[in-house]
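*Asks:* Quick one: the structure is below, questions incoming.
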Amino acid sequence: MKTAIVIWGLIWGMVWTAAAQGTETPEVKDYRRCLACHAGVETLDRNHAFACEKCHLKPEDRTQIIRNHGPIIRHPAAPATVDLFCGKCHRRDIDHLQTSLHWTLTGIISQTRYLWGAQPDPRPRYGALPGHGLKRLPPSPETVRTPADLVDDLLRQRCLSCHVGTPSPSHKGLFHGVGCAACHVFYADDGRYRGKDHAISGKRGYPVTHTFCRPIPTRQCRHCHNGSAIGGDYTGRFPRDDHQSYHAPIRNGVSTQSIYLADHHRLTPDVHHQRGLLCVDCHSKDDVMGTGTPAAHQEAAVSIRCRHCHDISNDSIVAHAIPGMEKVHCLGCHSRWSFMDYGQSLIRDDRPDLSRWAPWRLQGDAGVADLFDRQGQFQGASTNSKAGTWFRGWRFRRWEYLTLGKDAQGRIVPFRPRYQYRVSFIDRKGNVILDDVVPQKDGSQKPGWAFMPIYPHTVQRFGRPCEACHGQPLAAGMGLWKGAGPDLALTCPSPPVYPTMSLLSESEQGTLLEKTTRYRKWRFKVWRQHRQD
Amino acid sequence: MKIRSLLPVWILLLVFGFLIGRAQYHRKSGPIPPDGCVQCHQADKDPSASHPVAVMGCAVCHIGNPFAGDKKRAHIGMVRNPGRLDLAGKTCGQTSCHPDLPKRVTHSLMATNRGILSAMQRLWPHADDETVMDVKTLTNRPVGESMALDHFRKMCGGCHLHRPRYPRLGEIGQRGGGCTDCHIVELETPNPDLSRKKFHHPGLTTRIPSENCVKCHNRSARIGLSYFGRFESEGYGTPFKGGAPGPRRLSGGRFYLELPADVHHQKGGMDCIDCHTEKGVMGNGTVYDHQEQQVDIDCHACHDPQQQTIDPDPGLTKRLVRANNRQPSSPSTAIFFSAQQSPLYHIRSDTGNRMILYRKRDGHPVPFDRLSTSGIHDAPYHRRLSCQACHTRWTPQCYGCHETRFDGAMQRDWLTGRKSTGRWTEGRGYLRFRKPTLGIWSNGRIGPFAPGCQVFINVVDPQGRIRPEATSRHLVMAGFDPHTTAVAVPSCEDCHLDPKPMGIGQGVLTLTDASLSTEPVSPVGNGIDSPLDAFVSPVGEPLQTASRAKSRPFNREELARIYRVGPCLSCHDRYQDPVYRSFDDALQRFNSGKTPCREMLK
């Protein structure tokens, strides 16, 4: 079996005992004697200094000779077996985790299904895994008439690949464990094992060592949080445009190494990253692993606030004292840039020949990348899925545009064009079933487009200047050069998915664009402090 | 059977047809045909009103042997495309036709490509002993060692007037051909069947459609795209149509987005030739180094025109008006001229401050205003600004141009038409259209700049290894008119407080200890310390080369002067504001606490 499927543990003592007693004839290999091959494999940590079988074999398999790797559980913390192996001690954590978005992904699922007209409201109904009132995401119907018939397939193929329960794609930067191990066992970007177990030494698809990582490094989170979702920005990565001519093949004499199936611009990272803070320094267990109450979407799940560390109530910064500033989220000013990906065109192409998409093969998605070899030659469609492949193209992407809106707490934060879908579908025979269709929210005849709040992780000490928003129609949510054609119309925001959030009202837009006496006065005061510093 | 019985009818019809045709022909052209070519070839219409075949015949342009009776002898010495620059002296340029033009055109930039050649040889790896300043000389020269010229041959040399025209589909087949390159219409029939009577002869015109310009002028500065509101996009081909990347395509697998067009096009429907004069385009016989020297119009030519009472060449004016054949009447009022005395015969004064332009292609009147002098355009503190500094809506900016030469592969040399060793591929960093950088143009005025070009060169040997010694980079910013004119202008703050237009690049400016500094946002890396959109450091050190010897980014003092107005702009944001009458005095009064501004702090 090619998959030299390997175990990170069986009981040390037991194996030694078994070997010493010579209970087996030499020809019959008992795969419970893990350490016969995996000598040197690390202990997870002090609290988990178990025999291998305790985590990697079901109880019923522990008492008899096993003759191959088959019964060995490679990912004991995966959703299917987590209760059995981890649940005994970590019941409460696992119960909470099952309410978290890392487990359910219900935020993405319900927002997208709602916008594509597959459900009447964005209330959570389906999850990546069932439980806590959520049903498992249904399969897509065979016949496709509207985008709603395709949305579940899109979610499965493109969105859920970053789920804690999904084994990782084998591409640089994307390797991760499954279940608890997705976070708690550290994988290197190249996915190679570097520990003392010689049987798997240097092999891809294994953690760096067979140990729990504490603290969880930022790089670990980035195995999933690397694209335009939050995470890439914290370390200053902005994905380059997808077309191959934007992935300069050679830079400064060195071949470009892409990571996360993309290539990246290096922009200013977050000051917290520059000072060495990890994701987990701000994001507590509650943020990441759920609270026991199912979270509907990401904005509602994260509870950490700047003020938990930064008390500005008594500081002497003039800008902080401007009346009304309490309505502005810190990130309204202190975020430097964001992911503004305008106009998302998606096409599911079921035709056998997909070679036309070769120039766009690096779009951060393994399903697309695996269709082509490194030179861009089409390898043939993937065989594991009846459905075709989803390709994505943006209209244009910018980091410097920021549009403001109000989040669920009523605070003014940057908003981004999260969902500006246009959907196409070509069937197996090449019939264009959906040609550049804007999905419509259920029954409303309104386009399934939405701007959503974003909390850019691009914080810097100096806020952006007042003029970055005041007097800027783009920031006010009025678009760039109104009436300037279909492409720039994308800069005019659509309302967010949840009614608790909103774009700026007309009067708020007015306030932002108009230079009132009060504005002038405070602007001048801010200037004065700036100059005296 | 049936056919045989109808034979007499057929013969009769043919005879009649021949007679009628002959009669028609004679009625149109007079009794004696000008040359023998028409015995075999008859076009469906004349190339143009001023080139009537019936009077001029064919051989006058196409040479050949017009009175020979048989095809073979008749075609000796014949040229298919009389516009070819190497023959234009004998065809278009013969004494009784356009005698001055072949020389002028041959010396013009579209024929020499001197601007591109000089820039590339100055900025790219190149040895001086190979230096060549016109494309014709380069064509006749063996391939040398210069990387600059190798790149020119393969990536740039497809757009010049000496290039022969060959029947290929798309833009490529429409480029080149000398005079014909611009003056031909009906491009969609590149290969008509000449043996057929009534074949379609391409039309000749001086009302040159803009498509003829854009077939070449759509790369680098992309002026031909921008003017019409097209922005070469980041190559996504979105929205998808019909199951494929969408139809908004440009040549070379490129796509475009729709942005606001230049107001001259958007509101006036004007074509390239409505601004660009014959001297600006075809040159005046002088060999210029750069485009801006040959172009002889600027905004002032129309919006602040200088009246002349004496026309230096009334014959030319008359000829141009006649050739244009769309102007409402011969101009009776004083005539306006371009800087090089090209008659701007199509603009007239109207009442008051109003002017009218009659479009060259259709004579449609386009009313417009003269430059206003209401304290804005004549503000002393903005006297160095070009019109484009404020009235440019957007500028195509292509940051980072990654050129890789594969020594082991072959690529077609545009000049020879044959493949030669070395293949180039081109990659990009990122594109932008908003907020061009400003700097000092070679004419001393402040105007928009964009990358032009920021080249990172790598050479890969036949074994696939990088040749480190051949790796180089050349970061250049070029000043030019982006051709996206808008009536609306940015706010004061948009330039005085934003580091990008100042040339410092995207970021946040901070002033500490009276010294300006920036926290950049744009990408860094690739072996350079400053971002690609940083033309200059906040303290005035140039970070990139300017494309002209005399152009440059703002210097330290200029940057400080731009930025020091910033704090005042929260209140003093009108042109007419008294503090700008003498800003130094105002600042002094402010610093000594004598201005009411202090009240604001309470």
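The values are calculated or read from the model by the stated rules, or taken from the named source; none is laboratory data. Predicted, not measured: the structure shown is a model, and the values here were computed from it. Cβ coordinates were reconstructed from backbone atoms using ideal geometry, including for glycine residues, and neighbour counts include every protein chain displayed.
*Asks:* What are the residues in segment A:475-493 that are within 27 Å of the chain's Cα centre (by Cα) and not in a loop (DSSP other than H, G, I, E, B), if any?
*Replies:* Scanning segment A:475-493 gives A:Ala475, A:Leu490, A:Thr491.
*Asks:* Let me ask another. Do the conditions hold for B:Arg432, that is, is it touching a Gly at 6+ places or on another chain (Cβ under 7 Å), within 14 Å of chain A (Cβ to nearest Cβ), more than 30 Å from B:Val579 (Cβ to Cβ) and surrounded by 19 or more Cβ atoms within 10 Å (Cβ to Cβ)?
*Replies:* Details: touching a Gly at 6+ places or on another chain (Cβ under 7 Å): no; within 14 Å of chain A (Cβ to nearest Cβ): yes; more than 30 Å from B:Val579 (Cβ to Cβ): yes; surrounded by 19 or more Cβ atoms within 10 Å (Cβ to Cβ): yes.
In short, no.
*Asks:* I would also like to ask the following. Count, please, the residues in segment B:298-318 that happen to be closer than 25 Å to B:Asp378 by Cβ and either part of a helix (DSSP H, G or I) or charged (D, E, K, R) (or both).
*Replies:* 7
Every residue, every condition in (1) charged (D, E, K, R); (2) crowded, with 18+ Cβ neighbours inside 10 Å; (3) in a loop (DSSP other than H, G, I, E, B), yes or no:
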| residue | (1), (2), (3) |
| --- | --- |
| B:Ser329 | no, no, yes |
| B:Lys360 | yes, yes, yes |
| B:Thr395 | no, yes, yes |
| B:Cys401 | no, yes, no |
| B:Gly408 | no, no, no |
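*Asks:* Being facing chain A (nearest Cβ under 7 Å), touching a residue at least 12 places away in the same chain (Cβ under 8 Å) and surrounded by 20 or more Cβ atoms within 10 Å (Cβ to Cβ) is the filter here; which residues of segment B:239-278 pass it?
*Replies:* B:Leu257, B:Leu259, B:Pro260
*Asks:* For segment B:499-541, what are the residues that are buried (at least 21 other Cβ atoms within 10 Å of the Cβ), in contact (Cβ under 8 Å) with a residue 40 or more places away in the chain and within 14 Å of A:Pro465 (Cα to Cα)?
*Replies:* Answer for segment B:499-541, where residues must be buried (at least 21 other Cβ atoms within 10 Å of the Cβ), in contact (Cβ under 8 Å) with a residue 40 or more places away in the chain and within 14 Å of A:Pro465 (Cα to Cα): just B:Lys500.
*Asks:* So, one more: Got at least one residue in segment A:453-465 being more than 27 Å from the chain's Cα centre (by Cα) and more than 9 Å from chain B (Cβ to nearest Cβ)?
*Replies:* No - not one qualifying residue is present in segment A:453-465.
Each row is one residue, and each column tells you yes or no for (1) over 27 Å from B:Pro247 (Cα atoms); (2) of a type in the set (D, E, K, R); (3) within 11 Å of chain B (Cβ to nearest Cβ).
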{"position": "A:Cys330", "(1), (2), (3)": "yes, no, no"}
{"position": "A:Asp353", "(1), (2), (3)": "no, yes, no"}
{"position": "A:Pro414", "(1), (2), (3)": "yes, no, no"}
{"position": "A:Tyr421", "(1), (2), (3)": "no, no, yes"}
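*Asks:* OK, next. Out of (1) of a type in the set (A, V, I, L, M); (2) touching a helix residue (DSSP H, G or I) at 6+ places or on another chain (Cβ under 8 Å); (3) farther than 30 Å from B:Arg122 by Cβ; (4) away from every other protein chain (no Cβ under 14 Å), what's the single condition that is false for B:Ile310?
*Replies:* Exception for B:Ile310: condition (2).
*Asks:* Another one. Identify the residue in segment B:496-522 that is out of contact with any Cys (no Cβ under 8 Å at 6 or more places or on another chain) and within 29 Å of B:Asp298 (Cβ to Cβ) and, among all such residues, is farthest from the other protein chains (Cβ to nearest Cβ).
*Replies:* Pass one, segment B:496-522, residues out of contact with any Cys (no Cβ under 8 Å at 6 or more places or on another chain): B:496-500, B:503-522.
If we keep only those that are within 29 Å of B:Asp298 (Cβ to Cβ) too, we end up with B:496-500, B:503-505.
Details: B:His496: 9, B:Leu497: 5, B:Asp498: 7, B:Pro499: 10, B:Lys500: 8, B:Gly503: 16, B:Ile504: 13, B:Gly505: 11 Å.
Looking at residues that are out of contact with any Cys (no Cβ under 8 Å at 6 or more places or on another chain) and within 29 Å of B:Asp298 (Cβ to Cβ), I get B:Gly503.
*Asks:* Please go through (1) modelled with pLDDT of 95 or more; (2) in contact with a Pro (Cβ under 9 Å, 6 or more places away or on another chain) for A:Cys492 and return the number of the only condition it doesn't satisfy.
*Replies:* Going through the list (1) modelled with pLDDT of 95 or more; (2) in contact with a Pro (Cβ under 9 Å, 6 or more places away or on another chain), A:Cys492 breaks only (2).
*Asks:* Look through segment B:461-495, keep the residues that are in a helix (DSSP H, G or I) and closer than 30 Å to B:Trp394 by Cβ, and return whichever of them is nearest to the other protein chains (Cβ to nearest Cβ).
*Replies:* Residues of segment B:461-495 that are in a helix (DSSP H, G or I), as a first pass: B:468-470, B:492-495.
Subset that is closer than 30 Å to B:Trp394 by Cβ: B:492-495.
Working: B:Cys492: 10, B:Glu493: 4, B:Asp494: 8, B:Cys495: 11 Å.
Looking at residues that are in a helix (DSSP H, G or I) and closer than 30 Å to B:Trp394 by Cβ, I get B:Glu493.
*Asks:* Now for a separate question. Of the conditions (1) touching a Leu at 6+ places or on another chain (Cβ under 6 Å); (2) within 14 Å of chain B (Cβ to nearest Cβ), A:Gln244 satisfies every one except a single condition; which number is it?
*Replies:* Unmet condition: (1).
*Asks:* Can I ask one more? Do you know which residues across segment A:503-518 are surrounded by fewer than 18 Cβ atoms within 10 Å (Cβ to Cβ), of a type outside the set (Lys, Arg) and under 23 Å from A:Val413 (Cα atoms)?
*Replies:* Kept after step one, since they are surrounded by fewer than 18 Cβ atoms within 10 Å (Cβ to Cβ), are these residues of segment A:503-518: A:505-507, A:509-511, A:513-518.
Adding the requirement that they be of a type outside the set (Lys, Arg) leaves A:505-507, A:509-511, A:513-514, A:516-517.
Hits for segment A:503-518 are A:Ser505, A:Glu506, A:Ser507, A:Gln509, A:Gly510, A:Thr511, A:Leu513, A:Glu514, A:Thr516.
*Asks:* Separate question: For segment A:321-365, which positions are outside any helix (DSSP H, G or I), more than 25 Å from B:Ser233 (Cβ to Cβ) and of a type in the set (Gly, Ala, Ser)?
*Replies:* Within segment A:321-365, A:Gly324, A:Ser335 meet the criteria.
*Asks:* Would you confirm, using the coordinates I've provided, whether B:Thr373 is closer than 30 Å to B:Val143 by Cβ, polar (S, T, N, Q) and surrounded by fewer than 17 Cβ atoms within 10 Å (Cβ to Cβ)? Don't jump to the end; show me each part of the working.
*Replies:* Working: closer than 30 Å to B:Val143 by Cβ: no; polar (S, T, N, Q): yes; surrounded by fewer than 17 Cβ atoms within 10 Å (Cβ to Cβ): yes.
Against the criterion (closer than 30 Å to B:Val143 by Cβ, polar (S, T, N, Q) and surrounded by fewer than 17 Cβ atoms within 10 Å (Cβ to Cβ)), B:Thr373 does not qualify.
*Asks:* Still on this model: Just to be sure I understand, how many residues within segment A:477-502 are within 11 Å of chain B (Cβ to nearest Cβ), in contact with a helix residue (DSSP H, G or I) (Cβ under 9 Å, 6 or more places away or on another chain) and buried (at least 21 other Cβ atoms within 10 Å of the Cβ)?
*Replies:* Result for segment A:477-502: 2.
*Asks:* Considering every residue within segment A:504-525, establish whether at least one is within 10 Å of chain B (Cβ to nearest Cβ), part of a loop (DSSP other than H, G, I, E, B) and more than 14 Å from A:Ile322 (Cα to Cα). Break it down stepwise before answering.
*Replies:* First, pick out the residues of segment A:504-525 that are within 10 Å of chain B (Cβ to nearest Cβ): A:515, A:517, A:519-525.
Remaining after also requiring part of a loop (DSSP other than H, G, I, E, B): A:515.
Now drop any that are not more than 14 Å from A:Ile322 (Cα to Cα), which leaves A:515.
Within segment A:504-525, one or more residues are within 10 Å of chain B (Cβ to nearest Cβ), part of a loop (DSSP other than H, G, I, E, B) and more than 14 Å from A:Ile322 (Cα to Cα).
*Asks:* Which of the residues belonging to segment A:357-398 are exposed (fewer than 15 other Cβ atoms within 10 Å of the Cβ), of a type in the set (Lys, Arg) and within 14 Å of chain B (Cβ to nearest Cβ)?
*Replies:* A:Arg374, the sole residue that qualifies.
*Asks:* Considering segment B:549-576 alone, what residues qualify as being in a loop (DSSP other than H, G, I, E, B) and within 13 Å of chain A (Cβ to nearest Cβ)? First the steps, then the outcome.
*Replies:* Residues of segment B:549-576 that are in a loop (DSSP other than H, G, I, E, B), as a first pass: B:549-551, B:553-555, B:565, B:571-576.
Listed by number, the residues that qualify are B:Val565, B:Cys571, B:His572, B:Asp573, B:Arg574.
*Asks:* Among the numbered conditions (1) in contact with a helix residue (DSSP H, G or I) (Cβ under 7 Å, 6 or more places away or on another chain); (2) of a type in the set (A, V, I, L, M); (3) more than 14 Å from every other protein chain (Cβ to nearest Cβ), tell me where B:Ala301 comes up short.
*Replies:* (1)
*Asks:* Just need a number here: residues in segment B:523-532 that are more than 7 Å from chain A (Cβ to nearest Cβ) and either at pLDDT 85 or above or closer than 8 Å to A:Leu267 by Cα (or both). Step through it out loud before you land on a result.
*Replies:* Within segment B:523-532, the first condition is being more than 7 Å from chain A (Cβ to nearest Cβ), and the residues that meet it are B:528-532.
When the remaining residues are screened for being either at pLDDT 85 or above or closer than 8 Å to A:Leu267 by Cα (or both), the result is B:530-532.
The total comes to 3.
*Asks:* Does A:Pro139 satisfy the condition of being touching a Pro at 6+ places or on another chain (Cβ under 8 Å), under 30 Å from A:Ser345 (Cβ atoms), of a type outside the set (Ser, Thr, Tyr) and part of a loop (DSSP other than H, G, I, E, B)?
*Replies:* Values: touching a Pro at 6+ places or on another chain (Cβ under 8 Å): no; under 30 Å from A:Ser345 (Cβ atoms): yes; of a type outside the set (Ser, Thr, Tyr): yes; part of a loop (DSSP other than H, G, I, E, B): yes.
When the stated conditions are applied, A:Pro139 does not pass them.
*Asks:* Looking only at segment B:438-456, filter to residues that are under 23 Å from the mean Cα position of the chain (by Cα) and within 14 Å of another protein chain (Cβ to nearest Cβ); which one of those is farthest from B:His382 (Cα to Cα)? Give the steps one after another, and end with the answer.
*Replies:* Going residue by residue through segment B:438-456, those that are under 23 Å from the mean Cα position of the chain (by Cα) are B:438-455.
Pick out the ones that are also within 14 Å of another protein chain (Cβ to nearest Cβ) and you get B:453-455.
Numbers: B:Cys453: 28, B:Gln454: 30, B:Val455: 33 Å.
That would be B:Val455.
*Asks:* Which condition number does B:Asn284 fail, the rest of (1) over 18 Å from B:Asp481 (Cβ atoms); (2) free of Cβ contacts under 8 Å to residues at least 60 places away in the same chain; (3) away from chain A (no Cβ under 14 Å); (4) in a loop (DSSP other than H, G, I, E, B) being met?
*Replies:* (2)
*Asks:* Residue by residue through segment A:387-407, note down the ones that are charged (D, E, K, R) and either farther than 27 Å from B:Phe231 by Cα or assigned to a strand (DSSP E or B) (or both).
*Replies:* Answer for segment A:387-407, where residues must be charged (D, E, K, R) and either farther than 27 Å from B:Phe231 by Cα or assigned to a strand (DSSP E or B) (or both): A:Arg392, A:Arg395, A:Arg397, A:Arg398, A:Lys406, A:Asp407.
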